[in-house]
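Following: one structure in structure tokens, then a few remarks.
Bear in mind these aren't lab numbers, they're just calculated from the coordinates by the rules spelled out. Computed from a predicted structure; not experimentally measured. Note: ideal-geometry Cβ built from the backbone for every residue, glycine included; neighbour counts use all protein chains shown.
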Amino acid sequence: MPVCVSVGPSQMLETAFNDMREHQVASALVLKDGQLLGILTPENIGEFIVMESALRRLRKGSTGAFGLSSSAAISGGRSI
């Protein structure tokens with residue numbers, strides 16, 4: 001039986017990704033009050049990490065190591 005994973009916009013990315021892996025699904029629905037806000041995929045998470053790292057380097061003025069915020073929320077205060 002297929003499994004549908006849903007997450008909330010304030011759920012941590014790490015938790016959402018682990019839920020997707022646990023249930024072996026390629027995407028998760030992002031829901032708020034029963035309304036679909038978007039679809040989360042591993043590719044979305046990877047893109048977010050790359051963009052967040054680049055923005056951090058720009059803000060710090062460095063070209064340091066690749067950073068990952070495991071506490072980043074899915075929506076990050078932005079629309080999905």
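In plain terms, the residue of 59, 21 with the fewest other Cβ atoms within 10 Å comes first and the most crowded comes last, giving 59, 21.
Listing 5, 50, 30 from fewest to most neighbouring C-beta atoms within 10 Å gives 50, 5, 30. Placing pseudo-labels 7 Å out from each Cα toward the beta carbon at residue 41 and residue 55 gives an inter-label distance of 2.1 nm. Tell me the net charge near residue 49. Cut-off is 12 Å between Cβ atoms, residue 49 excluded, with +1 for each Lys or Arg and -1 for each Asp or Glu. Cβ neighbours under 12 Å give a net charge of -3.
Length gained on full extension, residue 21 to residue 3, computed as 0.36 nm times the residue gap minus the Cα-Cα distance: 5.3 nm. Each of 58, 13 has some number of other Cβ atoms within 10 Å of its Cβ, and from fewest to most they run 58, 13.
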